[in-house]
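This report concerns only the one structure given below.
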Amino acid sequence: MALRATSERPSSRVWWPRRRLWQLLASLSALGAVLTAGQAMPSSVAAAQSAKRARLGTARVAPERSAVLAEPSACAPWPSPTSYPWPLKPFHRQHPIRGYFGDPRTVWAEERSKQLAAPLEHSSFHNGVDIVAADGAAIYPVVSGFVYFPRPWRRGQEVIVRSPGRRSFQYWHLRPAVTEGQYVLAQRTVLGRVLPGFHHVHLSELDEERIQNPLAPGHLFPYRDRTAPRVRALLVRDRQGKPLDPARPLSGELSLLAEASDRPAPAPPGIWRGATVVPAAVGWTLRRQGGQVVVPRIVIDDFRLTLPPNQDFSEVYAPGTRQNFPLVERRHRSAYGRYLFQLTPWLLDTRTLGNGVYWITLSAWDTCGNRGMLREKLIFANRAARLNSPEPAPRCRLSTGRGLARAS
């Protein structure tokens, strides 16, 4: 049958559904093109939402890191009357150090997970420096004095030399070549030799029984450090210890932690080349968006001169901290150190600050005065508080669980 051409339009019952279908397909095609181009919404809508976030202060901002080298360095290029040389040859040349003053010493009886979540069996602060030395290397006294063995039954581990003044020095991991009460001369008498397998000598300094940092200016010389510590991250946890995202609005009582570390100068050899050590001091300050200081600088840990007692370990270091090659089930695990510092040994109550945008600055120093910093934006948004309170913001309060205490 021949087909006859016609100019008649299809009935509306057919035409309108078909047109709707074509419009829907066209819309889906346009949407697919937008998504393919990486645009989730029209630019005008995206710009409006970005402006709204900026107005409310909720726009995400990447943390800012910086480093400042001390000029002049606190580690002077000349000795002081209290300085002393290195305990191994060459005496007047800086040697690598693989363990710093204040480093955590962590021992686990068991390993429950790769993150070492089990409770610590033992923890303490490292009360000296571990100077790299070959097995069998001769160790000399840094000052003249009389030999003393505090633990005769452990002879072969610790040798103490008491100077005529107030100072005494401890040398660990030696096979002694001296006797009790012997008078030894600095840089002349061989105290002993490094025991096999230790690859270092531990040196501690005491001033009338008060432990001293050998890397502080005016002590071990020469010592120079031209690298700044690094503040790696700000960590936020709630009252129960649950991790929170610091880039999202925060509320209630918080625990603030800083992950920070430093690199030994010069780097130790072998498997210790990638090891990190602790900064000599860590602190923080908090400001409002406009610059008003609500938390003056608080230095939580300060190993620049001496150490806190070991019972304060959990007030300085947070769970998750570990030393280089931590001791787990009486075996050293192959892992470098991780250092988490308690910025708020108690809890920071954000409800006493008022809602709004704040900037926290974390700082880490070494004994030479070099400083590493991290500046990060925080948003406090408590439901019960008014967002724009006309009253002046109170100073930060730290909650101890039994009340509130103002930070000094």
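The values are calculated or read from the model by the stated rules, or taken from the named source; none is laboratory data. This one's a predicted model, so the numbers in the text were calculated from it and none came from an experiment. Virtual Cβ from ideal backbone geometry, glycine too; neighbours counted across all protein chains shown. Ligands, DNA and RNA are excluded from the accessible area calculation, which covers all protein heavy atoms including side chains. Shrake-Rupley method; radii C 1.70, N 1.55, O 1.52, S 1.80 Å.
Taking the stated definitions as given, is R322 over 22 Å from R65 (Cα atoms) and either β-branched (V, I, T) or surrounded by 18 or more Cβ atoms within 10 Å (Cβ to Cβ) (or both)? Spelling it out, R322 is indeed over 22 Å from R65 (Cα atoms) and either β-branched (V, I, T) or surrounded by 18 or more Cβ atoms within 10 Å (Cβ to Cβ) (or both). Scanning region 285-335 for residues that are in a loop (DSSP other than H, G, I, E, B) and among the β-branched types (V, I, T) gives T306, T321. If we scan region 215-229, do we find a residue that is open to solvent by less than 20 Å² (accessible area, probe 1.4 Å), within 28 Å of A76 (Cα to Cα), part of a loop (DSSP other than H, G, I, E, B) and among the hydroxyl-bearing types (S, T, Y)? Yes. Number of residues in region 230-265 that are not in a strand (DSSP E or B) and not hydrophobic (A, V, I, L, M, F, W, C) equals 13. Condition first: open to solvent by less than 10 Å² (accessible area, probe 1.4 Å) and either out of contact with any strand residue (DSSP E or B) (no Cβ under 9 Å at 6 or more places or on another chain) or outside any loop (DSSP other than H, G, I, E, B) (or both). Now tell me which residues in region 198-214 satisfy that. Scanning region 198-214 gives V201, L203, S204, E205.
Just to be sure, is R371 at pLDDT 95 or above, open to solvent by 30 Å² or more (accessible area, probe 1.4 Å) and among the basic types (K, R)? Yes; evaluated as a whole, the condition is true for this residue. If only residues of region 318-372 that are in contact with a Phe, Trp or Tyr (Cβ under 8 Å, 6 or more places away or on another chain) and among the basic types (K, R) are counted, the one that is farthest from F303 (Cα to Cα) is R333. V143: in contact (Cβ under 8 Å) with a residue 40 or more places away in the chain, within 19 Å of Q212 (Cβ to Cβ) and either surrounded by 17 or more Cβ atoms within 10 Å (Cβ to Cβ) or not charged (D, E, K, R) (or both), yes or no? Yes: the conditions hold for V143. Applying the condition of being surrounded by fewer than 16 Cβ atoms within 10 Å (Cβ to Cβ) and acidic (D, E) to region 230-280 and asking which residue is nearest to P104 (Cα to Cα) yields D238.
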